[in-house]
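S.K.: The structure that follows is given in the form of structure tokens.
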Amino acid sequence: MNINPNLPAIAGIISDPSRAAILTSLLDDRFYSAGELASIAKIKPQTASFHLSKLLEENLITAVKQGRHRYFRLQNQEIARIIETLLTLTPPAQVNSLKQSVEDKAIRHARTCYDHVAGYLGVQLAESLIKKGYIADTQDGFKLTEEGVTFCISFGIDLDVMRKKRRSFCHKCLDWSERKFHIAGAVGNALLERFIDLNWIQRQPNTRALVITNIGKREFMEKFSIDMKNRETKIK
């Protein structure tokens with residue numbers, strides 16, 4: 001049998017629990033220091049440095065030097081998509097404490113998947129835009145309709161800037177927690193950035209979980225018929 005010899009090598013890199021924890025934490029498309037990643041992965045800084053070197057060697061992550069420190073993030077959105085897809089194949093993580101339970105619910109509620117919205121909020125947003133006719137769900141993926149173009153412009157999204165980005169425009173991304181599709185690509189990223197600008201959602205340090213503000217809860221309900229307030233009450 002002919003098999004690419006690099007496949008087992010990459011699988012071996014990702015399969016290490018500490019490296020898997022580092023890669024998963026980098027799914028929010030932000031830069032982290034080695035110390036921060038060591039804390040997240042619950043390993044010693046020296047051990048984190050070893051794992052980061054391995055990930056750099058395989059081009060899974062990239063590093064930027066700032067003064068005496070180096071900061072790391074995923075190499076690109078394709079790596080993020082692969083990791084997110086792999087998460088759909090894994091069984092749910094075992095929850096052993098109240099803190100873990102709270103964190104797990106927050107991640108499933110609303111999170112970033114590299115540079116777009118995922119979790120319950122991401123899937124509900126995709127379904128809402130499809131119902132409104134702004135997004136077409138086709139065999140080849142999501143497509144922005146003419147009505148969707150009008151919506152984006154009225155919502156303050158610059159379509160010209162989006163189209164100039166060297167990336168997919170509007171595609172399906174399988175959500176590992178909801179087992180449905182959310183919106184990725186330039187459109188998904190533009191929506192995330194716009195929600196942040198409008199203070200509908202807020203990022204948190206050292207986690208992919210997103211906080212939905214009181215303004216956001218009201219606006220998601222009014223503009224997209226997404227009841228995040230009652231959903232939040234149910235998961236507490």
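S.K.: Among the lysines, which fall within straight-line cross-link reach of LYS54, defined as a Cα-Cα distance under 25 Å, with same-chain neighbours fewer than 8 residues apart omitted?
M.R.: LYS42, LYS44, LYS65
S.K.: Kindly sort HIS69, HIS171, HIS116 by accessible area of their heavy atoms, largest first, with the probe set to 1.4 Å.
M.R.: The most accessible residue leads, giving HIS69, HIS171, HIS116.
S.K.: For n ≥ 4 DSSP H runs only, could you compute -39500 (n - 2.57) per run for the chain, divide by its residues and tell me the 222 nm figure to the nearest 500?
M.R.: About -16000 deg cm²/dmol.
S.K.: Please work out how much accessible surface ILE135 shows to a 1.4 Å probe, ignoring ligands, DNA and RNA, in Å² rounded to 10.
M.R.: The accessible area of ILE135 comes to roughly 10 Å².
S.K.: Amide H neighbours of LEU210 under 5 Å, counting only residues 5+ apart in sequence or on other chains, H built in-plane at 1.01 Å?
M.R.: Here ALA110, ARG111, THR112 satisfy the definition.
S.K.: Would you mind telling me the share, in percent, of accessible area of the chain contributed by carbon and sulfur at probe 1.4 angstrom?
M.R.: On the chain, the fraction of accessible area on carbon and sulfur atoms equals 52 percent.
S.K.: Right, next: I want the local charge near SER177. Using Cβ-Cβ distances under 14 Å, sum +1 for each Lys or Arg and -1 for each Asp or Glu among the other residues.
M.R.: Summing Lys and Arg as +1 and Asp and Glu as -1 gives +2.
S.K.: Then there's this: Pick from ALA136, ALA11, ALA34: which residue has the top mean-square fluctuation in a GNM of the chain where Cα pairs under 10 Å get a spring?
M.R.: Comparing ALA136, ALA11, ALA34 in a Gaussian network model of the chain, the most mobile one is ALA11.
S.K.: Right, another one. Mind checking which lysines have their C-alpha under 29 Å from LYS217, skipping anything on the same chain fewer than 8 residues away?
M.R.: Counting by Cα, and skipping residues close in sequence, LYS217 has these lysines nearby: LYS99, LYS105, LYS131, LYS132, LYS143, LYS172, LYS180, LYS229, LYS234, LYS236.
S.K.: If you put +1 on each Lys and Arg Cβ and -1 on each Asp and Glu Cβ, how big is the dipole of region 1-116 around its Cα centre, in Debye rounded to 20?
M.R.: Its charge dipole is roughly 380 debye.
S.K.: For region 88-236, what is the percent of antiparallel DSSP beta bridges, rounded to the nearest 5? Before the final figure, lay out the partial values.
M.R.: On the way: 15 of 15 bridges.
Of the beta bridges lying entirely in region 88-236, close to 100 percent run antiparallel.
S.K.: Can you give the Rg to Rh ratio for the chain, taking only C-alpha atoms and Rh from Kirkwood?
M.R.: Values: Rg = 18.5 Å, Rh = 18.9 Å.
Taking Rh as the inverse mean 1/r over Cα pairs, Rg/Rh reads 0.98.
S.K.: Now, a different point. Which ³J(HN,Hα) values in Hz, rounded to whole numbers, follow from the phi angles of region 116-122 under the Karplus curve 6.51 cos²θ - 1.76 cosθ + 1.60, where θ = phi - 60° and Gly and Pro get x?
M.R.: Along region 116-122, the couplings run 9, 7, 9, x, 4, 4, x Hz.
The values are calculated or read from the model by the stated rules, or taken from the named source; none is laboratory data. Values in this document were obtained by computation on a predicted structure and should not be read as measured data. Glycine gets a Cβ as well: all are built from the backbone with ideal geometry, and neighbour counts include every protein chain shown. Heads up: the accessible areas ignore ligands, DNA and RNA and are worked out on the full protein's heavy atoms, side chains in. Shrake-Rupley method; radii C 1.70, N 1.55, O 1.52, S 1.80 Å.
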